[in-house]
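Report on one structure; see the data block that follows.
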Amino acid sequence: MDLDVLNMFVIAGGTLAIPILAFVASFLLWPSALIKIYYWYWRRALGMQVRYANYDDYRFCFSYRGRPGFKPSILMLHGFSAHKDMWLSVVKFLPKNLHLVCVDMPGHEGTTRSSLDDYSINGQVKRIHQFVECIKLNRRPFHLIGTSMGGNVAGVYAAQYPAEICSLSLVCPAGLPYPTDNTFLKRLRELKESERIDRIPLIPSTPEEMADMLKLCSYVRFKVPQQILQGLVDVRIPHNEFYRKLFLEITDEKSRHALHENMSKIKAPTQIIWGKQDQVLDVSGADILAKSISDCQVHILENCGHSVVVERPRKTAKLILEFFALVHNTENNKKLA
């Protein structure tokens, strides 16, 4: 073989080997970095851009796609200890002509975290309203979506700022009393009685605890490699002290049943989506809401747990789009009549 040709193959092989070795090293040694790269890649692939908005000295981090137009904008609120990127799996199945906004909730990810801030549900509602005003989202009524803790905030927001909300989707929302204790509530009670509240199941500190949390939140059993579990834990550990403070705040008496206390004030057409096998927040909450909100439709997903957005993203997007179209076609017909 000609020496120049041989050198070409060596150089080409070396060029290919470098990114492969870098990927393997990241997977084995820095899985948390790989997870961050993964979210960055999917944001770019889906056309989501990250921006910041300031309210006095408070900073909100959010991602968005599209621009306000004829159809209402959509604001998406994530759950406890998550971040704006948890919605990417649903965004993938939403049309690109919709104006989507996913914000990091108070104290989460890129949004300001302060020991002086009020992280109760009402405190978070006030912060989200500040964000809405910052980006002028409330120039026209918008569609609000929230899951778990974010569902609690979304429901209370809709009750307190009815003129700003044209429609509402609540995905297994917190903030309700339940007739029976489920797996999660029983474990919490046991921890409280043993004074081991530092072992909250939703705040893992080891790969094993992370695996247990995934089992608790999901009906579908994902096979997650040990390195990825470690990466997920590494990303969370620096924030665990904040998560404990937040958890105690949102389960305190003034926040625990915030949605229940406000649900009769919700006037916007409302959609409830819940996983039938939810072990964190019992599916009976859907019936509680349906009986109190006059214009409400309920969707119970079979073989699905608490992590509806992750387990059934395509179905979730489909249900949201159908509800969105039904509500706004009805509104448009009323205007034309």
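The values are calculated or read from the model by the stated rules, or taken from the named source; none is laboratory data. Because the structure is predicted, anything quoted here is derived from the model rather than measured. No Cβ is skipped: glycine too gets one built from the backbone with ideal geometry, and neighbour counts run over all protein chains shown. Heads up: the accessible areas ignore ligands, DNA and RNA and are worked out on the full protein's heavy atoms, side chains in. Shrake-Rupley method; radii C 1.70, N 1.55, O 1.52, S 1.80 Å.
Just to be sure, is Phe184 surrounded by 13 or more Cβ atoms within 10 Å (Cβ to Cβ) and within 22 Å of Gln124 (Cα to Cα)?
Details: surrounded by 13 or more Cβ atoms within 10 Å (Cβ to Cβ): yes; within 22 Å of Gln124 (Cα to Cα): no.
In short, no.
Please specify each residue of region 74-122 satisfying the condition of being part of a helix (DSSP H, G or I) and open to solvent by 30 Å² or more (accessible area, probe 1.4 Å).
Met86, Ser89, Asn122 - these are the residues of region 74-122 that are part of a helix (DSSP H, G or I) and open to solvent by 30 Å² or more (accessible area, probe 1.4 Å).
Tell me yes or no: at least one residue of region 84-93 is on the phi > 0 side of the Ramachandran plot and touching a helix residue (DSSP H, G or I) at 6+ places or on another chain (Cβ under 8 Å).
No, region 84-93 contains no residue that is on the phi > 0 side of the Ramachandran plot and touching a helix residue (DSSP H, G or I) at 6+ places or on another chain (Cβ under 8 Å).
How many residues does region 123-142 contain that are within 11 Å of Leu75 (Cβ to Cβ), of a type in the set (S, T, N, Q) and open to solvent by less than 10 Å² (accessible area, probe 1.4 Å)?
Residues in region 123-142 being within 11 Å of Leu75 (Cβ to Cβ), of a type in the set (S, T, N, Q) and open to solvent by less than 10 Å² (accessible area, probe 1.4 Å): 0 in total.
Output the number of residues of region 282-311 satisfying the condition of being farther than 14 Å from Pro177 by Cβ and polar (S, T, N, Q).
Residues in region 282-311 being farther than 14 Å from Pro177 by Cβ and polar (S, T, N, Q): 4 in total.
Just name the residue that is nearest to Val280 (Cα to Cα) out of those in region 201-250 that are among the hydroxyl-bearing types (Ser, Thr, Tyr) and surrounded by 16 or more Cβ atoms within 10 Å (Cβ to Cβ). Working first, answer last.
Filtering region 201-250 for residues among the hydroxyl-bearing types (Ser, Thr, Tyr) gives 205-206, 218-219, 243.
Cutting the leftovers down to surrounded by 16 or more Cβ atoms within 10 Å (Cβ to Cβ) gives us 218-219, 243.
Values: Ser218: 9, Tyr219: 11, Tyr243: 17 Å.
Restricting to residues being among the hydroxyl-bearing types (Ser, Thr, Tyr) and surrounded by 16 or more Cβ atoms within 10 Å (Cβ to Cβ), the top hit is Ser218.
Exactly one condition in (1) touching a residue at least 60 places away in the same chain (Cβ under 8 Å); (2) β-branched (Val, Ile, Thr); (3) in a helix (DSSP H, G or I) is not met by Val220; state its number.
Val220 satisfies all of (1) touching a residue at least 60 places away in the same chain (Cβ under 8 Å); (2) β-branched (Val, Ile, Thr); (3) in a helix (DSSP H, G or I) except (3).
Checking Tyr52 against (1) open to solvent by 20 Å² or more (accessible area, probe 1.4 Å); (2) closer than 30 Å to Met213 by Cα: exactly one of these is not met. Which one?
Tyr52 satisfies every listed condition except (2).
Residues being part of a helix (DSSP H, G or I) and under 22 Å from Tyr64 (Cβ atoms): count how many of those fall in region 123-160.
Qualifying residue count, region 123-160: 21.
If you go through region 301-321, how many residues are loosely packed, with under 15 Cβ neighbours inside 10 Å and either touching a strand residue (DSSP E or B) at 6+ places or on another chain (Cβ under 9 Å) or in a strand (DSSP E or B) (or both)?
Residues meeting the conditions: 2.
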